[in-house]
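Structure first, commentary second.
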Amino acid sequence: MNPVASPQLNIPRCNGVNLAIFASGNGSNFAALVKAVKEKKIKAKLIVLVSDKPEAFVVKRAQKAKIAVILVKREDFASRADFEAAIIQRLKNYKIDLIALAGFMRMLSPGFVKLYRNRIINIHPSLLPAFKGAHAIKDALDAKVAFTGVTVHFVDSKMDHGPAILQKQIKIKRTDTLNSLEKRIHALEHKLYPQAIKIIS
Ligand code: GRF
């Protein structure tokens, strides 16, 4: 995965970006971005959380932080196209410049990606292209590689794929368990995601 400068960006750069976060789970990255915005570490306004899981802890975090939430359950729609159309329709109420995926457990269609071309980014807990998928931390540990890490990248229509914005490695210790490695990866993610947004906004 080749890091890019950012020639392809069409994000407004001077007054900060209006950010939407898509998440399905715990939301520790969501919380890190809320903090980064609050502390003015990034020039962004966190406008809305989009979640497909009403019961996810990230939804509670958003409510506590008084950030608008769009809840769209995939099961309520006959097709992915209808599901995404509902998200697009509701996002139109906001002027979103950038979508940050933070543990959003669904693939976006090529049509959705095209609509927000170069405006969707993702964070992944590995040194992509190594260890794509939902179990990247465990897969790296099981593979007994010396290093793993975190990647923030633009999203294209393939899973965990697209030009890298930032990538940082972590050494896997001989004593690491899944739990200890996860902790270090997540701590790194919480630093790297704001940094990546700063680079592109
Ligand atoms: C993170 O490890 C992220 O890299 C991956 O999903 C996880 C989300 O964690 N895409 P959290 O919900 O932000 O705590």
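Quick check on the stretch 53-66: of everything there that is of a type outside the set (A, V, I, L, M) and assigned to a helix (DSSP H, G or I), which residue is surrounded by the most Cβ atoms within 10 Å (Cβ to Cβ)?
Restricting attention to the stretch 53-66, the residues satisfying the condition of being of a type outside the set (A, V, I, L, M) are 53-55, 57, 60-61, 63-64, 66.
Now drop any that are not assigned to a helix (DSSP H, G or I), which leaves 57, 60-61, 63-64.
Numbers: F57: 15, K60: 12, R61: 19, Q63: 12, K64: 10.
Among those residues, the one meeting the criterion is R61.
When the test is whether a residue is surrounded by fewer than 17 Cβ atoms within 10 Å (Cβ to Cβ) and not in a helix (DSSP H, G or I), S126 does not pass it.
Of the residues making up the stretch 97-114, just one is more than 21 Å from K73 (Cα to Cα) and of a type in the set (A, V, I, L, M, F, W, C), namely L98. Residues that are of a type in the set (G, A, S) and touching a residue at least 24 places away in the same chain (Cβ under 8 Å) were ranked within the stretch 151-201; the one that is nearest to S126 (Cα to Cα) is A164. A single member of A136, A140 is within 11 Å of the ligand (Cβ to nearest atom) and out of contact with any helix residue (DSSP H, G or I) (no Cβ under 7 Å at 6 or more places or on another chain), and it is A136.
The listed residues are V69, V50, and the only one of them that is of a type in the set (A, V, I, L, M), at pLDDT 95 or above, part of a strand (DSSP E or B) and within 13 Å of the chain's Cα centre (by Cα) turns out to be V50. Please go through the stretch 100-112 and pick out each residue that is among the hydrophobic types (A, V, I, L, M, F, W, C) and more than 14 Å from the chain's Cα centre (by Cα). Answer for the stretch 100-112, where residues must be among the hydrophobic types (A, V, I, L, M, F, W, C) and more than 14 Å from the chain's Cα centre (by Cα): just F112.
The values are calculated or read from the model by the stated rules, or taken from the named source; none is laboratory data. Please read all numbers here as calculations on a predicted model, not as lab measurements. Methodologically, a virtual Cβ is constructed for each residue, glycine included, from the backbone with ideal geometry; neighbour enumeration extends over all protein chains shown.
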